[in-house]
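**Q** Quick one: the structure is below, and I'll ask about it shortly.
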Amino acid sequence: MISFNSKFTLVLGLCAAVALANVGDQAATGNRNISPEVICNKGHCYAKLFRPTSEFQEILEGQEIPPGLHVQMDYQTHKKYAKLIDPQESSQEDPSSILVVDTETPGTVHHNIDSLAISEHEATDETEDPTQIEESSRQNLQMAFDSIPELNEVIHQGEHQLYENYLEIVRSSQDPEIVTGALEELMDLSSDMEFGLLLVNGETLKTMVQLLYTTPDIGGPEEDARRSIRIGAALILGTAVQNHEKAQEAAFNASLHKTLLDRLEEETDTQVLRRLIFAYASLVRGGNSHPSHVFMQDDDVARLAAIFKKSDDYFFQRKCIYLMSDFADPEMQYVLDDSNDDGNEDSGSSASQSNGSWEHPTVNVGPWCEALQHIDLRKGHDDEHPEWLIIENAVEMLHTTYPDSCVLKSNRPHDEL
């Protein structure tokens, strides 16, 4: 028979067990009922939705940011801060604000985060045109880039200083090798449109022309260096005016084409002659505003033909023939009023067509036709110089374009081939 004390002890134990079970269940239930609007991180709990005030407050990890706030970021700590927008400050740009590009509205660039007006919940189900979205994004990104201030052109300013330094060396140094080195540096700059124009104007052009007249010390140790000076000056002038109409006009007004013809007639060094004809061809080829006929008149054509006949250098002659082929090419011709005594300032300044064919000025190319037709073409028909066929093509083109002054001879050497 169980005693009264034992029964009492058993009842108390059961009651205690039931009480402990209820406490544990309540504790577990309490943990499950923590509000989902609260975030607990490392023992610190805070509201999931950021609650802004009129002062900047830190946006904690995981917090949702409601629309319509002024948001900033500390770029050292990468922490974000937000506050309510002050209408009085809305017209003032804060350089530390986040730049937001609105890709939904063309032409819209904002400096505040509130420009993100469309959230995922507000997006429509309507399918948008990808092409329109891409165009809107492109426009706004371009506006964003345009709003960035341009940096100073430090490199370009440095190039100007280098240009002045090298030019001073060319003008003042008495050492041919030092001058040659400076000319090589200037040649690299001469292909730039700005430097090209500077090199063919005023005192700088005079300096380059003077270098073309640098005479070698026959048999002396400086002969190669002096030759290099003339080569360098010719290359600089040719590169400066090549495909550069403003530079061509400036050089033509300074009679550089006549100076180059003078040097072509007087120079005896083959290497220098090749560079001189490059400079001359680059100048007189001209462009839309100044075609080759503006730069080459009858006297120039005759002088170049005489220079051509005097040379026995294949490469030099080939450059001359290419130049005259371009001169006679119908696709490169422009209308030119060759009566230069009537004061017509527009002579040769514009391209035009008449009935689908080009009109050609009256130019005497007879000296060229005669020079080309007296060359024995059989000398050029070999494996070493197969391009001598350009002579025949040049003759045909000159005759087609200028039939009055370019008369074909019936006993040309090529007829015997």
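The values are calculated or read from the model by the stated rules, or taken from the named source; none is laboratory data. It should be emphasised that the depicted structure is a prediction, and the values quoted were computed from it without experimental measurement. Cβ atoms come from the backbone with ideal geometry, glycine included; neighbour counts cover every protein chain shown.
**Q** Residue check, L198 against (1) in contact (Cβ under 8 Å) with a residue 24 or more places away in the chain; (2) surrounded by fewer than 16 Cβ atoms within 10 Å (Cβ to Cβ), all met but one. Which one?
**A** Unmet condition: (2).
Here is a yes/no grid of residues against (1) within 24 Å of D175 (Cα to Cα); (2) crowded, with 21+ Cβ neighbours inside 10 Å; (3) assigned by TED's automatic domain parsing to the domain that holds I178:
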| site | (1), (2), (3) |
| --- | --- |
| T214 | yes, no, yes |
| E223 | yes, no, yes |
| A234 | yes, yes, yes |
| A251 | no, yes, yes |
| E265 | no, no, yes |
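**Q** For S255, which of the numbered conditions (1) at negative phi; (2) at pLDDT 90 or above fails to hold?
**A** Status for S255: all satisfied but (1).
**Q** If you don't mind, there's one more thing I want to ask. Can you confirm whether L260 is touching a Gly at 6+ places or on another chain (Cβ under 8 Å) and not polar (S, T, N, Q)? Steps first, please.
**A** Numbers: touching a Gly at 6+ places or on another chain (Cβ under 8 Å): no; not polar (S, T, N, Q): yes.
Judged against the criteria, L260 is not a match.
**Q** Just to verify a result, which residue in segment 162-195, among those that are more than 14 Å from A234 (Cα to Cα) and among the polar types (S, T, N, Q), is surrounded by the fewest Cβ atoms within 10 Å (Cβ to Cβ)?
**A** Of everything passing the filter in segment 162-195, Q174 is surrounded by the fewest Cβ atoms within 10 Å (Cβ to Cβ).
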